[in-house]
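Asker: Sharing a structure below in C-alpha cells format, with a few things to ask.
The values are calculated or read from the model by the stated rules, or taken from the named source; none is laboratory data. Source: prediction; values computed, not measured. Cβ placement follows ideal geometry from the backbone for every residue including glycine, while neighbour counts extend to all protein chains displayed. Each accessible area value is taken on the protein alone, full model and side chains, heavy atoms only, with ligands, DNA and RNA left out. Shrake-Rupley method; radii C 1.70, N 1.55, O 1.52, S 1.80 Å.
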Amino acid sequence: MSLRYKFHHLFFGGKINKKRLYQVLEDLDSTNSGESTDISALETVVGDSSSGLVKDVADINTAIGDESTEGTILARIKALEDAG
C-alpha cells in the first residue's frame, strides 16, 4: 500500500484516524532511514582525496600529466611524435 493511499485515508468522519497517522509516520521514518543509508553509500563511493572516485580521478590525471613531465602519458606521446 502506497504512502499516498494511506495519507488520503487519515481522516474518517471528519477526524484524524490516529492509527493510520502513526502508520504514515512510521513509513516516512523508515523511508528516511533508507535514504540515509543510500547517501552514506554514495559518499563512500565518491570519497575524497584519499579514497573513492575523487582519488581515482586525481590519480588518472596525474598519470596523464602534461608533455613536460617525464614518465607521464602525454610526455611519452610527445616523445614518440618527436621521434617519428
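Asker: It is to be established whether one or more residues within segment 53-69 are at pLDDT 80 or above, acidic (D, E) and part of a helix (DSSP H, G or I).
Answerer: Taking segment 53-69 and keeping what is at pLDDT 80 or above, we get 53-69.
Now drop any that are not acidic (D, E), which leaves 56, 59, 66-67.
Now restrict to residues that are part of a helix (DSSP H, G or I): 56, 59.
Yes: one or more hits.
Asker: Contact list please: Cβ distance under 8 Å, first residue in segment 55-84 and closer than 29 Å to V45 by Cβ, second residue open to solvent by 90 Å² or more (accessible area, probe 1.4 Å), pairs at least six apart or on different chains.
Answerer: As it stands, the answer is K55/S49; A58/S49; T72/T62; L74/E67, since those pairs meet every condition given.
Asker: Restrict the check to segment 68-77 and report whether at least one residue is over 16 Å from the mean Cα position of the chain (by Cα), within 30 Å of L10 (Cα to Cα) and aliphatic (A, V, I, L, M). Can you show your working first?
Answerer: Taking segment 68-77 first, the residues over 16 Å from the mean Cα position of the chain (by Cα) are 68-77.
Subsequent filtering for residues that are within 30 Å of L10 (Cα to Cα) retains none.
Checked segment 68-77: no residue is over 16 Å from the mean Cα position of the chain (by Cα), within 30 Å of L10 (Cα to Cα) and aliphatic (A, V, I, L, M).
Asker: Take the conditions under 30 Å from L10 (Cα atoms), open to solvent by 70 Å² or more (accessible area, probe 1.4 Å) and not small (G, A, S) and apply them to D82. Does it pass? Please lay out each step first, then the result.
Answerer: Numbers: under 30 Å from L10 (Cα atoms): no; open to solvent by 70 Å² or more (accessible area, probe 1.4 Å): yes; not small (G, A, S): yes.
No: the conditions fail for D82.
Asker: While we're looking at this one, here's another question. Would you check which residues across segment 28-54 are more than 22 Å from L74 (Cα to Cα), hydrophobic (A, V, I, L, M, F, W, C), open to solvent by less than 80 Å² (accessible area, probe 1.4 Å) and without any contact (Cβ under 8 Å) to a residue 12 or more places away in the chain and list them?
Answerer: A41, V46, listed by residue number.
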